[in-house]
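Peer 1: Quick one: the structure is below, and I'll ask about it shortly.
Derivation of every value follows stated rules applied to the coordinates shown; laboratory data play no part. Since we're looking at a predicted model, the values are computed, not measured. Counting neighbours? That spans all protein chains shown, and the Cβs are built from the backbone with ideal geometry, glycine included.
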C-alpha cells in the first residue's frame, strides 16, 4: 500500500504521539489548556519577524477562535542533549491538541496535533518568560478559502498541511497558574513536501493559558 506524503505525515505524527504519550518517563510540568484568538496576516514566514518589528504586518479580515490541551511528555535524552548543547537546558516537551473555528475570511474548522518544546522560564523581576515551538499535522475541516494557493493554481486549496507554532509565554510570579501567550500559527506544505508549494497561511494569535494540576 502506498501513501501520499500528506497521509504519511499524519500517520507518522499520530504514531509518534502515541509512543511519546505512553512513555515511562513522567514530566514535572502540569497539563495546561489555552484559549486562542487569531487574525490572518499576509506576510510570509521567513521575513515575518522583521516585518513585525518594523510594524509592517499586513492584517487581513479572517479570524479564528479555539482552544488547546497541552500534555507534558518525557523529553527524549537525545533531544534534551541537543538543546543543552545550545545552552537551552532544561527543556520541556509536550503534545498539544488544537481545535479552532475560522470565520469571516473562511468558515472551516481546524484540528492540529503538535509536538512542542519549551525553554525553561527566565525571570524578569515579577515576570516569567519562556519561548516555545513545535510542529505537526493540521487538518482543515472544510475549504480554507482565505489561505494562499500554489502559484500555478491559485484557486486550489489543501486541507492537510504541516503546522508550525512559535510562541512566547509570559506569566506573573504572583499568578503562577495563568499565562498570556503570543503565538504565530503557521500552515504550509513544507515547500511541496506534504502539499503544493506556496499554499498556507499565518495567523497572529493571542492566548490565555491555565495550569491544570
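Peer 1: Within a 10 angstrom radius of the beta carbon, how do 40, 160 rank from fewest other beta carbons to most?
Peer 2: Ordered from fewest to most neighbouring Cβ atoms within 10 Å, 40, 160 come out as 160, 40.
Peer 1: Another question, then. If each of residue 101 and residue 56 carries a label point 7 Å out from its Cα toward its Cβ, how far apart are those two points in nm?
Peer 2: 3.7 nm
Peer 1: Rank these for me by crowding, 53, 91, going from fewest to most other beta carbons within 10 Å.
Peer 2: 53, 91
Peer 1: Mean separation of Cα pairs under 8 Å and 6+ residues apart, divided by the residue count of region 5-212: what relative contact order is that in percent?
Peer 2: Computed over region 5-212, the figure is 21 percent.
Peer 1: Let me ask another. At a Förster radius of 35 Å, what calculated FRET efficiency corresponds to the Cβ-Cβ distance of residue 33 and residue 174, to the nearest 0.05?
Peer 2: FRET efficiency, residue 33 to residue 174: 0.95.
Peer 1: Another question, if that's okay. Helix-derived [θ] at 222 nm for the chain: sum -39500 (n - 2.57) over DSSP H runs of at least 4, divide by residue count, nearest 500?
Peer 2: -4500 deg cm²/dmol
Peer 1: On to the next question. Note down the relative contact order for region 103-209 as a percent, whole number, built from C-alpha pairs under 8 angstrom at least six residues apart.
Peer 2: Across region 103-209, relative contact order equals 23 percent.
Peer 1: Which of 125, 105, 81 moves the most in a Gaussian network model of the chain with Cα springs under 10 Å?
Peer 2: Of 125, 105, 81, the Gaussian network model singles out 125 as fluctuating most.
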